1. Right, residue 112: crowded, with 16+ Cβ neighbours inside 10 Å and on the phi < 0 side of the Ramachandran plot or not?
2. So, residue 74, is that one assigned to a loop (DSSP other than H, G, I, E, B) and modelled with pLDDT of 90 or more or not?
3. Taking the stated definitions as given, is residue 32 within 20 Å of residue 106 (Cβ to Cβ) and part of a helix (DSSP H, G or I)?
């Protein structure tokens, strides 16, 4: 019986981690656009550092395809700059379309957070 309980606890914690991971992935586009918008020309490793600092841990294998998609969708542009050490670096900038989407996503995010907070607080109140 004890083993079954431990397995259930383990499975539930795995599902929790998976759910939290999915929530983080869902806001990455918003976060990346915000980082680039607030910081101007941004190198990919700087984006990774900001995401890690915010505890939205992302690996390069997640970031680069997303940056490429945002660029292909016209939301970002980039320029190459020679590096003092190593190969040239790609610096990303947000486009006017990216700024417009950032505004929409920020509004949507704020509405979502407010709605979820309201539900959580309502559900915790005694009947």
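The values are calculated or read from the model by the stated rules, or taken from the named source; none is laboratory data. On a predicted model such as this, the values are computed, not experimentally measured, just so you know. When we count neighbours, we look across all protein chains shown, and the Cβ atoms used for this are built from the backbone with ideal geometry, even at glycine.
1. No: the conditions fail for residue 112.
2. Yes; evaluated as a whole, the condition is true for this residue.
3. Judged against the criteria, residue 32 is a match.
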